[in-house]
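Undergrad: Submitted below is the structure of interest, expressed as structure tokens.
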Ligand SMILES: Cc1cc2nc3c(=O)[nH]c(=O)nc-3n(C[C@H](O)[C@H](O)[C@H](O)COP(=O)(O)OP(=O)(O)OC[C@H]3O[C@@H](n4cnc5c(N)ncnc54)[C@H](O)[C@@H]3O)c2cc1C
């Protein structure tokens with residue numbers, strides 16, 4: 001499975017976050033030959049650190065970004081249809097406290113616009129709840145000064161990691177060659193042309209030349225680093241900002257949109273898995289995106305603001321935190337929160353005189369499918385006759401993701417039926433069973449404990465983050481991947497190191 005051979009592919013995608021995985025799937029479904037390489041694990045970058053909403057974003061209305069909101073709403077509907085097992089409707093409350101008349105009118109218009117921009121939606125429309133109705137829906141809200149709340153619907157993707165994996169699975173099912181733990185180190189150059197990349201496979205400890213007619217950088221916040229060898233201008237394309245989330249035991253019944261007292265920023269308190277997710281922050285970031293972690297200030301800010309909204313809810317107890325780095329199209333002279341979330345495509349032939357390379361700058365998870373379609377359309381244009389007589393129209397808006405028909409559950413149940421030992425839970429406080437690990441290794445490229453616990457199953461997203469069962473998991477993986485006792489120890493240590501930044505503020 002871990003060989004790309006000597007052949008030349010149509011498209012090499014560098015970066016296995018949601019954008020790269022989406023491009024690989026779209027291009028493979030349209031008949032292009034595709035290779036996808038990811039330096040760490042699929043979804044290990046920014047994609048596994050978001051607020052996990054599939055939304056137009058009320059906030060963007062304030063920025064008058066109606067086009068972005070409209071297209072994100074359209075994508076929300078598409079994702080609810082093609083991934084009904086991963087993307088779910090989520091009702092929100094937006095409570096109002098002693099609002100000025102002007103503020104009330106502004107919010108009412110915002111709510112009307114949010115509905116109007118998604119007229120064709122399947123989700124219920126907004127509704128105003130009076131004070132009593134609001135407190136029945138969420139008894140822990142601060143009642144002081146509360147006049148009521150807007151209820152409106154958006155969508156949540158609790159396990160966005162699986163959205164990525166299923167895109168990769170489908171890409172591979174349509175012939176894509178996919179490699180995780182494989183870093184593109186340098187471009188293969190033919191004069192002023194990029195002809196692929198040299199890739200270092202960390203697992204096989206080997207370098208592979210992946211030759212490609214077109215190379216797409218989908219490296220998210222690492223983009224300026226990965227395209228530095230192609231650029232003539234030294235100005236970065238990205239503005240990086242960090243956002244963190246804290247995860248606490250379940251504290252509220254509903255999802256809430258709130259405004260921070262300290263600086264007026266919008267933030268969320270959301271039900272997530274069996275816990276509550278609070279986020280996010282937005283602060284300029286320099287440095288390697290892989291090193292982003294929550295600081296004491298970040299955590300205190302979210303705890304204080306959440307406590308203000310729910311004075312008696314236990315936001316003191318933190319299970320874990322996570323931090324991600326947004327890759328935003330660079331704009332000068334605006335604050336972090338005002339930078340547009342719209343993506344851009346960068347053609348290195350037009351801008352740097354280097355043919356054979358494209359880059360994706362920015363882009364939300366919500367928009368990933370649309371961005372992938374746009375990139376693949378452009379890839380067909382660039383490849384011209386080299387693309388041959390292949391399908392040119394994208395089908396991803398109507399083709400369900402592989403797990404939408406329940407096939408993953410069926411495969412896991414079949415494994416457990418064949419070997420009843422695989423039906424037993426791995427951890428006393430989590431429902432995941434051993435068959436899920438076997439499936440992750442055999443069918444979904446899980447090569448490390450982190451791959452299996454954090455990005456194939458949700459065992460690593462529970463309160464103990466799988467640390468209570470890491471020995472059992474390592475044993476299972478060792479049997480499948482041929483690890484000896486020493487390698488097992490190294491892999492367990494490496495998992496502990498991977499979750500350590502997330503556990504710095506854990507209460508236990
Ligand atoms: C705090 C926060 C909250 C957010 N909330 C939301 C939300 O609620 N809804 C929403 O729609 N969006 C949200 N976003 C935005 C969204 O998470 C990102 O826009 C999206 O995940 C970006 O995906 P990506 O594939 O471009 O980047 P990434 O997921 O970072 O993927 C890029 C990948 O490239 C790999 N890579 C880098 N260099 C190399 C190399 N040389 N070789 C091989 N691979 C390489 C990296 O390892 C990485 O996995 C949020 C972002 C943040 C930070």
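Undergrad: Looking at (1) surrounded by 22 or more Cβ atoms within 10 Å (Cβ to Cβ); (2) more than 18 Å from the chain's Cα centre (by Cα), which is the only condition residue 242 fails?
TA: Single failed check for residue 242: (2).
Undergrad: Which pairs do you get when a residue that is part of a helix (DSSP H, G or I), found in the range 375-396, comes within reach of a residue that is surrounded by fewer than 16 Cβ atoms within 10 Å (Cβ to Cβ), reach meaning Cβ atoms under 6 angstrom, with the pair 6+ apart or on two chains?
TA: 380/392
Undergrad: Continuing with this model, one more query. From 21, 35, 43, 27, which residue is more than 14 Å from the ligand (Cβ to nearest atom), buried (at least 22 other Cβ atoms within 10 Å of the Cβ) and within 27 Å of residue 290 (Cβ to Cβ)?
TA: The match here is 27.
Undergrad: While we're on this one: Right, residue 251: in a strand (DSSP E or B) and either touching a residue at least 60 places away in the same chain (Cβ under 8 Å) or under 28 Å from residue 222 (Cα atoms) (or both) or not?
TA: No.
Undergrad: If you take the residues of the range 341-356 that are within 16 Å of the ligand (Cβ to nearest atom) and more than 29 Å from residue 501 (Cβ to Cβ), which of them is modelled with the lowest pLDDT? Working first, answer last.
TA: So in the range 341-356, the residues within 16 Å of the ligand (Cβ to nearest atom) come out as 341-346, 348.
Then drop every residue that is not more than 29 Å from residue 501 (Cβ to Cβ), which leaves 342, 344-346, 348.
Values: 342: 81, 344: 92, 345: 95, 346: 94, 348: 95.
If we take residues in the range 341-356 being within 16 Å of the ligand (Cβ to nearest atom) and more than 29 Å from residue 501 (Cβ to Cβ), then 342 is modelled with the lowest pLDDT.
Undergrad: So, one more: Name every residue in the range 414-437 that is assigned to a helix (DSSP H, G or I) and closer than 22 Å to residue 163 by Cβ, in order of residue number.
TA: 435, 436, 437
Undergrad: What residue, among those in the range 476-498 that are free of Cβ contacts under 8 Å to residues at least 24 places away in the same chain and surrounded by 15 or more Cβ atoms within 10 Å (Cβ to Cβ), is nearest to residue 441 (Cα to Cα)?
TA: 478
Undergrad: Just need a number here: residues in the range 261-273 that are at pLDDT 95 or above and in a loop (DSSP other than H, G, I, E, B).
TA: The total comes to 1.
Undergrad: Quick check on this structure: which one of 35, 43 is within 22 Å of residue 451 (Cα to Cα) and part of a loop (DSSP other than H, G, I, E, B)? Full working, then the answer.
TA: Numbers: 35 fails: part of a loop (DSSP other than H, G, I, E, B).
Selected residue: 43, the only one of 35, 43 that is within 22 Å of residue 451 (Cα to Cα) and part of a loop (DSSP other than H, G, I, E, B).
Undergrad: Which of the strands (runs of 3 or more DSSP E) found entirely inside the range 86-189 contain at least 3 residues meeting this: within 16 Å of the ligand (Cβ to nearest atom)?
TA: Those strands (runs of 3 or more DSSP E) span 88-97, 146-156, 177-179.
Undergrad: Can you pull out every residue in the range 294-314 that is in contact with a helix residue (DSSP H, G or I) (Cβ under 9 Å, 6 or more places away or on another chain) and more than 14 Å from residue 506 (Cβ to Cβ)?
TA: 313
Undergrad: Also, I was wondering about something else. Checking the conditions here, which among 400, 420 is over 29 Å from residue 472 (Cα atoms) and either at pLDDT 95 or above or loosely packed, with under 15 Cβ neighbours inside 10 Å (or both)?
TA: Details: 420 fails: over 29 Å from residue 472 (Cα atoms).
Answer to the check: 400.
Undergrad: To continue, here is another question. Condition first: in contact with a helix residue (DSSP H, G or I) (Cβ under 7 Å, 6 or more places away or on another chain), within 13 Å of the ligand (Cβ to nearest atom) and part of a loop (DSSP other than H, G, I, E, B). Now tell me which residues in the range 200-242 satisfy that.
TA: Of everything in the range 200-242, those that are in contact with a helix residue (DSSP H, G or I) (Cβ under 7 Å, 6 or more places away or on another chain), within 13 Å of the ligand (Cβ to nearest atom) and part of a loop (DSSP other than H, G, I, E, B) turn out to be 218, 219, 237.
Undergrad: What pairs come up if the first residue lies in the range 49-72 and is on the phi > 0 side of the Ramachandran plot, the second is assigned to a strand (DSSP E or B) and more than 6 Å from the ligand (Cβ to nearest atom), and their beta carbons are under 6 Å apart, counting only those six or more places apart or on different chains?
TA: Here the result reads 52/156, each pair linking the range 49-72 to a residue that is assigned to a strand (DSSP E or B) and more than 6 Å from the ligand (Cβ to nearest atom).
Undergrad: Moving on. When the range 47-74 is examined, which residues are found to be more than 6 Å from the ligand (Cβ to nearest atom), under 15 Å from residue 243 (Cβ atoms) and in a helix (DSSP H, G or I)?
TA: Of everything in the range 47-74, those that are more than 6 Å from the ligand (Cβ to nearest atom), under 15 Å from residue 243 (Cβ atoms) and in a helix (DSSP H, G or I) turn out to be 48, 59.
Undergrad: Here are 78, 82: which of them is over 21 Å from residue 127 (Cα atoms), more than 15 Å from the ligand (Cβ to nearest atom) and under 18 Å from the mean Cα position of the chain (by Cα)?
TA: 82
Undergrad: Please verify whether the range 310-323 includes one or more residues that are within 16 Å of the ligand (Cβ to nearest atom), farther than 30 Å from residue 187 by Cα, modelled with pLDDT of 95 or more and out of contact with any strand residue (DSSP E or B) (no Cβ under 8 Å at 6 or more places or on another chain).
TA: Checked the range 310-323: no residue is within 16 Å of the ligand (Cβ to nearest atom), farther than 30 Å from residue 187 by Cα, modelled with pLDDT of 95 or more and out of contact with any strand residue (DSSP E or B) (no Cβ under 8 Å at 6 or more places or on another chain).
Undergrad: Just to be sure, is residue 197 over 22 Å from residue 365 (Cα atoms), surrounded by fewer than 17 Cβ atoms within 10 Å (Cβ to Cβ), within 28 Å of the chain's Cα centre (by Cα) and touching a residue at least 60 places away in the same chain (Cβ under 8 Å)? Talk me through it step by step, then tell me what you get.
TA: Numbers: over 22 Å from residue 365 (Cα atoms): yes; surrounded by fewer than 17 Cβ atoms within 10 Å (Cβ to Cβ): no; within 28 Å of the chain's Cα centre (by Cα): yes; touching a residue at least 60 places away in the same chain (Cβ under 8 Å): yes.
Taking the combined requirement at face value, the residue does not satisfy it.
Undergrad: Moving to a separate point now. Look through 81, 49, 76 and report the one residue that is at pLDDT 95 or above, farther than 19 Å from residue 153 by Cβ and out of contact with any helix residue (DSSP H, G or I) (no Cβ under 7 Å at 6 or more places or on another chain).
TA: Result: 49 is the single residue among 81, 49, 76 that is at pLDDT 95 or above, farther than 19 Å from residue 153 by Cβ and out of contact with any helix residue (DSSP H, G or I) (no Cβ under 7 Å at 6 or more places or on another chain).
The values are calculated or read from the model by the stated rules, or taken from the named source; none is laboratory data. Just so we're clear, the structure is a prediction, and the values are computed from it rather than from any experiment. Positions of Cβ are generated from backbone atoms using ideal geometry, with glycine treated the same way; all protein chains shown enter the neighbour counts.
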